[in-house]
Amino acid sequence: MRGMGDDGMGPMAMTPPHPGHAAAAGALPPPPPAQHKMATMMHMTFFWGDRAVVLFTGWPGERGAGMYALCLLFVLALAALTEGLSVLSRRLARRGAPGGGGPAPASSAALLTAVHAARMGMAYLVMLAVMSFNVGVLLAAVAGHALGFLLARSRVRPGAGAGGAAAREHGGLPPPDGSKT
């Protein structure tokens, strides 16, 4: 068996490691050049304050409390609309399916798919807004979902008094004979 260097060429010289190699005498590699610095620090814990970045770079950011309040209203409305689209999706599914639960027409399926896609897109936007870790945004999202549930899913309707139960039984319309039941 021949050893290294037995082929008549002599021992092979090793090249030194390049300057950024971590194994070079226990030295740490130099930090990478800072080409793109983030404009703001990303929070990884919940915090209070009106200087948050929600959904878009610099929004509301350093623009003050008024823009922050607009941001909170936007998140609240987005969450409420998500709940409203959930109810619309259910109603379209019930209306689109013929009485026996058979296949829905293509137009109903396309509309149901579009409403579902819009609902999921809004739900993901609300989730991304909450990922800003701003407590105000979290509270606005929860309040928006609660408001949307109250308006769209609950049985409470504005102006529904004693005749509310009868109106619900007949799909929101008074009985055809004029009675209250």
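The values are calculated or read from the model by the stated rules, or taken from the named source; none is laboratory data. As the structure is a prediction and not an experimental result, all values here were calculated from the model. Ideal geometry is used to build each Cβ from the backbone, glycine not excepted, and the neighbour counts take in all protein chains shown.
A few comments on the model shown:
- Any hit, the stretch 24-40, residues being β-branched (Val, Ile, Thr) and at pLDDT 60 or above: no
- In the stretch 52-81, residue surrounded by the most Cβ atoms within 10 Å (Cβ to Cβ) [restricted to those that are on the phi > 0 side of the Ramachandran plot and modelled with pLDDT under 90]: GLY61
- Every pair of residues 6+ apart whose Cβ atoms lie under 6 Å, when the first sits in the stretch 143-167 and is over 27 Å from ALA69 (Cβ atoms) and modelled with pLDDT under 85 while the second is of a type in the set (S, T, N, Q) and assigned to a loop (DSSP other than H, G, I, E, B): ALA166/THR181
- Candidates ALA129, ALA140, filtered to the one that is part of a helix (DSSP H, G or I), under 13 Å from the mean Cα position of the chain (by Cα) and in contact (Cβ under 8 Å) with a residue 40 or more places away in the chain: ALA129
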